[in-house]
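Right, one structure below, let's go through it.
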Amino acid sequence: MVDYSVHEQVAVFEVNNPPVNAFSHKVRVGLDRSIDKAIRDTNVKAIVICGKGRTFPAGADIREFDQPHKEPWLTGVFEKLEKTTKPVVAAIHGTCLGGGLECALFCHYRIAQKTARVGFPEVQIGILPGAAGTQRLPRLTGLRVAMDMITSGRHILAPEALKYGIIDEMFTGDVINAGIKFAKSVMNKPLEDRCLKNKTVKDADQADQIADEFMSLVKRKYKGFEAPIDCVKAVKASATLPYREGLKAEAMYMQKLVLSGQSAAQRYAFFSERAVSRWKIPGGNFQTAKPLPIKSTAVIGAGTMGTGIAVCLLNAGYQVYLLEQNQKFLENGVKTIRGIIEGSVRLGKTPMAVAQKAATLLKPTMKYEDLADVDLVIEAVYENLSLKREIFSKLDKLCKPTTLLCSNTSSLDINRIGTATKRGDKVAGMHFFAPAYYMRLLENIYSTETSPATVATIMDVGRKIGKVSVLVKSCQGFLANRMRGPLSVEAYFLLEEGSTPQEVDSVLENLGMPMGPLKTGDLSGLDIGYKIQTELAKSKGVELTADSKFLMGERISTLTRTMYDKGRLGRKTGKGWYRYEKPGGKLATPDEEVMELIKDHCMKAGIQRRNISTQEILERLVYSCINEGFKILEEGVAATPEDIDISWIYGFSWPKYLGGPMYYANKIGLDKIYQRICYYHENFPYSSHWIPSRLLQKLSENKVPMNQWCSGTDSKL
Ligand code: CAA
C-alpha cells in the first residue's frame, strides 16, 4: 500500500492504493511503518511522499467512515512525520484533497505539478477536514482564504496554491525526480520554522469579523447544511485557541458531523453519483460498450432549451450546428448563446479562451443539408410527437449512417420517435433540465431498439459536458417528471381542500427544497398546466368546465383554469399563486385575492374546505412521489434507487443532506410510508398515484434493508 525506496539518501514513500490512493487503514499502517524505517535508516537524510499512478492521495477512505475506528488514525501518523528530524517533502500531482492535503500540511515542504489541484472537499460529504486541516491551513494562508476553501470545498490549481503559500514551488515533469531534487536541496536545513503547528494565524486579530462574515454567507448559500457552519467555527478556533486546543475543538465538531444524519446522506449521494454511471441495458453495459467518437453536433431549435444545450456542447469544445426555420429565430438564438457565454465569462465561470473557441465552433444554419455529416443531433423543438417524427424521418434520410439522433423530449416515448427512422438503434433521448447550461442532470433515455454503443456515447457526452447522466428506460414522463407528477397534482388538491399557497410551499421549503411547487408553477407559467390538462381532455373527447372534478375516472383539479381565466399566469403577468412586484418580478408575496378565487372555485365545485396539518401536506406531497418512485423501480424504468435520488438532487434541487427521496423514505421507514400510502389510497380512491406500489409493499412487509435493494453504494443506509 506504500512502496518504499531510497534514492541518493532520500527515502521515497509512494502511496499505492488505486484509484485515488485514499488513506485507507492499510495505507495508514504502511505509511506508519515507512516513517519508522526511514527514521531508523541513518543513510536516509530526507523523505518524499507522493502518490503512485494518477494522483497524490485524494483523502481519507470515505468507505471506512461507517466501519469501526482502527488505529493508527491519520493525525497520529502525520504527527510522526512532522516530528522527524529529516525534512519531509510532499511531491504533489493529480488531486491532493482532504486527508491528502492534511498530510501535505504536516510535511515540512510542499511542491506541486502545475496542473495539480488541492482542496478540502470534506464539506461536500457533510464533515470537515478533521485531521488538523482546519487548524493548519489558516496558519499558512490566513483565515479568509482558509474559510473560503474549507466552507466551499473548492479545489484550487497549483498556481493559486502557490500564491497563497500552500505550496512552496511548482515543478514540471516526473514527480519522484522533482521530489528527490527538492529534498536534496533542503537536507540539513533547520525544520523548526517549517512546522505549521509552531506558526500563528496572520489575521487572527480579525477573527470575529471574518467568522461573522462567513457565517452569514454559508447560512445563506448552503441553507440547511450543518457542516459549513461547523467549518466556520472550527477554522475560527485556529485563531482564538492555542494549536492543541484548536485540535480538540476540531475533533469535537468532526465527531458531531460524522455521526449526523446529514453526513451519512451526503456520503450516500457521493457514491450514488458515481454509481449511476455504471449503467446496464439488455445486450450491453458500461464495461462492454464503447462510446463512438463525437466531434461535430447539431441542435435543432434555437429556443430556451436548444440554446442552453448548444452552450453546454460549445463549452465542451464540440462543433455545433444550430438549426432554425427562420432567420429571426436563428439570430435570436445566436444572440442568446453569446449572452449566456459572455455572462459566464463575466462571472469568472468560463475562461475567456473557452468562450473564444466556442464562438468559432458555433455554426448557425437554416439548411438541414448542413447536418449531413454531424456525429450527433439533439432535437429540441416543442413537444409534439408528429413534428418530432417528421424531423427524425428527415434526418434519417439525410444524415450519414453513423449519426446518432437524439431528442430533448421531456416525456414523449422514444420508441415512437425511433420508428420514424430506419436506425432505431441510433435513436435515444437526451432530456436536459432548464436552464440546460446550469442544471446538472441529464436524463438519457433508451428505447427497446437503442443499442449499447448509442447509450455509451450519450453517457460519455453527458460526462464531457459536465452533467450527471442518469439512464432511464423510455416511458411516459421518464423518471424525473413522471415521479414529480403527483406532487403538483397534490398541491392543487391541498389548495382546494383548505391549505394556502404559503402553507403548501413552506413545507417543502422547510424540508430544504429551494422553492415549493406553487412558486415553481408561477416561475414556469400557469398556462402550461392549464394547456396540458385541456389538451389531454380533448384527446379523450372530454370538454372540461371550471367545476369538473374527474377526467376518465381520475380526480382532477381545474384550479389552474380558474387562474388562467383571471389572467394569473405566474411571474410573467406579475400574479399567479402569489403577487409579484411587477410582471417578470421575483419577489413572491401572499395575495388575498388568490384565496378569494380558491374559495369561490371550491364553493362552485362543492368542495368542503378544512384545516390541514403540516404533516399531512408533507406526506401528500412527498410520499405520493415516493410511491411513484417505487413503481418506476418496479417497472425497471430506473435501474436503482440511486438513479432516482440523483435525478432529484440534480434535476429538482432536492437537498443532498436528505440523500434523495428514496433514501429519505428508507430513513423514515418503508413500513410507515407504506401504511400512510394505503391510508391516502383509502381516502382518495380516485387518484391512481395513491395505488400502493407492489414493490414498496413487498419491501416493507419483508423489512428488506436498503443495501439489498440499491446497487450497493456501500454507505451505511
Ligand atoms: N474514498 C473512497 N473512495 C473514493 C474516494 C475516497 N476519498 N475518492 C474517490 N473514491 C472512489 C470513487 O467512489 C470511485 O469509485 P468507483 O470507481 O467504484 O465508482 C473511484 O474512487 C474514482 O473516483 P471518481 O470516479 O470520482 O474519479 P474522478 O477522477 O472523476 O475524481 C476525485 C477523482 C477528484 C479524487 C474524486 O473522486 C473526489 O472528489 N473524491 C473525493 C475526495 C474527498 O472527498 N476527499 C476527502 C475525503 S474525507 C477526508 O479526507 C477526511 C479527513 O479530513 C481526514
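So Gly283 clears everything in (1) on the phi > 0 side of the Ramachandran plot; (2) touching a Phe, Trp or Tyr at 6+ places or on another chain (Cβ under 8 Å) except one condition, right? Which one?
The single condition Gly283 does not satisfy is (2).
Residues Leu247, Leu257: which one is over 26 Å from the mean Cα position of the chain (by Cα), crowded, with 19+ Cβ neighbours inside 10 Å and aliphatic (A, V, I, L, M)?
Details: Leu257 fails: over 26 Å from the mean Cα position of the chain (by Cα).
After applying the criteria, what remains is Leu247.
Just give me the residues in the stretch 277-290 being surrounded by 17 or more Cβ atoms within 10 Å (Cβ to Cβ) and away from the ligand (no atom under 16 Å from the Cβ), in sequence order.
Answer for the stretch 277-290, where residues must be surrounded by 17 or more Cβ atoms within 10 Å (Cβ to Cβ) and away from the ligand (no atom under 16 Å from the Cβ): Ile281, Gly284, Ala289.
Determine which member of the set Lys86, Lys80 is open to solvent by 10 Å² or more (accessible area, probe 1.4 Å), over 25 Å from Ala251 (Cα atoms) and more than 12 Å from the ligand (Cβ to nearest atom).
Numbers: Lys80 fails: over 25 Å from Ala251 (Cα atoms).
Only one candidate qualifies: Lys86.
Just to check your reading of the model, which residue among Ser272, Ser238 is farther than 25 Å from Glu509 by Cα, crowded, with 22+ Cβ neighbours inside 10 Å and hydroxyl-bearing (Ser, Thr, Tyr)? If you could, list the steps in order and put the result at the bottom.
On the way: Ser272 fails: farther than 25 Å from Glu509 by Cα.
The conditions single out Ser238.
Going through the stretch 22-59 one residue at a time, which ones are open to solvent by less than 10 Å² (accessible area, probe 1.4 Å), more than 9 Å from the ligand (Cβ to nearest atom), assigned to a loop (DSSP other than H, G, I, E, B) and in contact (Cβ under 8 Å) with a residue 60 or more places away in the chain?
Passing the criteria: only Phe56.
Condition check ((1) assigned to a loop (DSSP other than H, G, I, E, B); (2) touching a residue at least 60 places away in the same chain (Cβ under 8 Å)) across all residues:
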position	(1), (2)
Val377	no, yes
Glu383	yes, no
Ser386	no, no
Arg389	no, no
Lys394	no, no
Lys397	no, no
Pro401	yes, no
Leu405	no, no
Thr409	yes, no
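Output yes when any residue across the stretch 76-85 is out of contact with any Cys (no Cβ under 7 Å at 6 or more places or on another chain), among the aromatic types (Phe, Trp, Tyr) and within 21 Å of Glu122 (Cβ to Cβ), and no when none is.
No, the conditions are met nowhere in the stretch 76-85.
Test each condition in (1) surrounded by fewer than 24 Cβ atoms within 10 Å (Cβ to Cβ); (2) away from the ligand (no atom under 15 Å from the Cβ); (3) within 25 Å of the chain's Cα centre (by Cα) for Leu140 and report the one that comes out false.
Every condition holds for Leu140 apart from (3).
Hey, can you tell me all the residues within the stretch 46-92 that are aromatic (Phe, Trp, Tyr) and at pLDDT 95 or above?
So the first thing to find is which residues in the stretch 46-92 are aromatic (Phe, Trp, Tyr), and the list is 56, 65, 73, 78.
Selection gives Phe56, Phe78.
How many residues does the stretch 66-75 hold that are more than 8 Å from the ligand (Cβ to nearest atom) and either touching a Phe, Trp or Tyr at 6+ places or on another chain (Cβ under 9 Å) or not in a loop (DSSP other than H, G, I, E, B) (or both)?
First pass over the stretch 66-75, keeping only residues more than 8 Å from the ligand (Cβ to nearest atom): 66-73, 75.
Retained after the next criterion (residues that are either touching a Phe, Trp or Tyr at 6+ places or on another chain (Cβ under 9 Å) or not in a loop (DSSP other than H, G, I, E, B) (or both)): 66, 75.
Matching residues across the stretch 66-75 total 2.
Show me the helices (runs of 4 or more DSSP H) entirely contained within the stretch 424-521 in which 2 or more residues are under 22 Å from Val311 (Cα atoms) and in contact with a Ser or Thr (Cβ under 9 Å, 6 or more places away or on another chain).
Working: elements: 452-464, 480-497, 501-511.
Output list reads 452-464.
Hey, can you tell me all the residues within the stretch 610-641 that are closer than 24 Å to Ile414 by Cβ and touching an Asp or Glu at 6+ places or on another chain (Cβ under 8 Å)? Give the steps one after another, and end with the answer.
Looking only at the stretch 610-641, we keep the residues that are closer than 24 Å to Ile414 by Cβ, and these are 625, 628-641.
Within the stretch 610-641, none qualify.
Just checking, does the stretch 437-444 include any residue being under 31 Å from the mean Cα position of the chain (by Cα), open to solvent by 70 Å² or more (accessible area, probe 1.4 Å) and hydroxyl-bearing (Ser, Thr, Tyr)? First the steps, then the outcome.
Looking only at the stretch 437-444, we keep the residues that are under 31 Å from the mean Cα position of the chain (by Cα), and these are 437-444.
Subsequent filtering for residues that are open to solvent by 70 Å² or more (accessible area, probe 1.4 Å) retains 437-438, 440.
Still in the list and also hydroxyl-bearing (Ser, Thr, Tyr): 437-438.
So far as the stretch 437-444 goes, yes, one or more of its residues are under 31 Å from the mean Cα position of the chain (by Cα), open to solvent by 70 Å² or more (accessible area, probe 1.4 Å) and hydroxyl-bearing (Ser, Thr, Tyr).
Report whether or not Asp527 is more than 21 Å from Met603 (Cβ to Cβ) and either in contact (Cβ under 8 Å) with a residue 12 or more places away in the chain or part of a helix (DSSP H, G or I) (or both).
Details: more than 21 Å from Met603 (Cβ to Cβ): yes; either in contact (Cβ under 8 Å) with a residue 12 or more places away in the chain or part of a helix (DSSP H, G or I) (or both): yes.
For Asp527, the condition - more than 21 Å from Met603 (Cβ to Cβ) and either in contact (Cβ under 8 Å) with a residue 12 or more places away in the chain or part of a helix (DSSP H, G or I) (or both) - is met.
Might you let me know whether the stretch 195-206 holds any residue that is in a helix (DSSP H, G or I), more than 21 Å from Phe13 (Cβ to Cβ) and open to solvent by less than 10 Å² (accessible area, probe 1.4 Å)?
Checking the stretch 195-206: not a single residue is in a helix (DSSP H, G or I), more than 21 Å from Phe13 (Cβ to Cβ) and open to solvent by less than 10 Å² (accessible area, probe 1.4 Å).
Kindly establish whether Lys566 is modelled with pLDDT under 95, of a type in the set (D, E, K, R), closer than 18 Å to Thr500 by Cβ and surrounded by 12 or more Cβ atoms within 10 Å (Cβ to Cβ). Explain how you work it out, then say what you get.
Working: modelled with pLDDT under 95: yes; of a type in the set (D, E, K, R): yes; closer than 18 Å to Thr500 by Cβ: yes; surrounded by 12 or more Cβ atoms within 10 Å (Cβ to Cβ): yes.
When the stated conditions are applied, Lys566 passes them.
Can you tell me which residues in the stretch 90-131 are within 7 Å of the ligand (Cβ to nearest atom), open to solvent by 10 Å² or more (accessible area, probe 1.4 Å) and of a type outside the set (Gly, Ala, Ser)?
Selection gives Thr95, Leu97, Pro121, Glu122, Gln124, Ile125.
Output yes when any residue across the stretch 430-437 is touching a residue at least 24 places away in the same chain (Cβ under 8 Å), in contact with a Lys or Arg (Cβ under 9 Å, 6 or more places away or on another chain) and closer than 22 Å to Gly659 by Cβ, and no when none is.
Yes: one or more hits.
Hey, Thr365 hits all of (1) surrounded by 20 or more Cβ atoms within 10 Å (Cβ to Cβ); (2) in contact with a strand residue (DSSP E or B) (Cβ under 6 Å, 6 or more places away or on another chain) but one; which does it fall short on?
Failing condition for Thr365: (1).
If Thr172 satisfies all but one of (1) under 27 Å from the mean Cα position of the chain (by Cα); (2) touching a residue at least 24 places away in the same chain (Cβ under 8 Å); (3) open to solvent by 20 Å² or more (accessible area, probe 1.4 Å); (4) more than 9 Å from the ligand (Cβ to nearest atom), what's the number of the condition it fails?
Exception for Thr172: condition (1).
Return the residue satisfying two criteria in turn: it lies in the stretch 207-245 and is among the small types (Gly, Ala, Ser) and in contact with a Lys or Arg (Cβ under 7 Å, 6 or more places away or on another chain), and of such residues it is nearest to Gly130 (Cα to Cα).
First, pick out the residues of the stretch 207-245 that are among the small types (Gly, Ala, Ser): 207, 211, 216, 224, 227, 234, 237-239.
Next, only the ones that are in contact with a Lys or Arg (Cβ under 7 Å, 6 or more places away or on another chain) stay: 207, 211, 238.
On the way: Ala207: 20, Ala211: 19, Ser238: 13 Å.
Among residues in the stretch 207-245 that are among the small types (Gly, Ala, Ser) and in contact with a Lys or Arg (Cβ under 7 Å, 6 or more places away or on another chain), the one nearest to Gly130 (Cα to Cα) is Ser238.
Among the residues of the stretch 590-606, is any in contact with a helix residue (DSSP H, G or I) (Cβ under 8 Å, 6 or more places away or on another chain), open to solvent by less than 30 Å² (accessible area, probe 1.4 Å) and in a loop (DSSP other than H, G, I, E, B)?
No.
Considering Arg244, Arg220, Arg274, which residue is more than 13 Å from the ligand (Cβ to nearest atom), without any contact (Cβ under 8 Å) to a residue 40 or more places away in the chain and either within 30 Å of Val311 (Cβ to Cβ) or outside any helix (DSSP H, G or I) (or both)? Can you show your working first?
Numbers: Arg244 fails: either within 30 Å of Val311 (Cβ to Cβ) or outside any helix (DSSP H, G or I) (or both); Arg274 fails: more than 13 Å from the ligand (Cβ to nearest atom).
That would be Arg220, the only listed residue that is more than 13 Å from the ligand (Cβ to nearest atom), without any contact (Cβ under 8 Å) to a residue 40 or more places away in the chain and either within 30 Å of Val311 (Cβ to Cβ) or outside any helix (DSSP H, G or I) (or both).
Of all residues in the stretch 260-286 being under 30 Å from Thr454 (Cβ atoms) and among the charged types (D, E, K, R), which is nearest to the chain's Cα centre (by Cα)?
Glu273
Among the numbered conditions (1) more than 10 Å from the ligand (Cβ to nearest atom); (2) open to solvent by 50 Å² or more (accessible area, probe 1.4 Å), tell me where Arg63 comes up short.
Condition (1) is where Arg63 drops out.
Being closer than 30 Å to Gly659 by Cβ and under 23 Å from the mean Cα position of the chain (by Cα) is the requirement here; does Gly126 meet it? Break it down into steps so the answer makes sense when it comes.
Numbers: closer than 30 Å to Gly659 by Cβ: yes; under 23 Å from the mean Cα position of the chain (by Cα): yes.
Criteria met by Gly126.
The values are calculated or read from the model by the stated rules, or taken from the named source; none is laboratory data. Values in this document were obtained by computation on a predicted structure and should not be read as measured data. So basically every Cβ, Gly included, is an ideal-geometry build from the backbone, and we count neighbours across all protein chains shown. Only protein heavy atoms, including side chains, enter the accessible area calculation; ligands, DNA and RNA are left aside. Shrake-Rupley method; radii C 1.70, N 1.55, O 1.52, S 1.80 Å.
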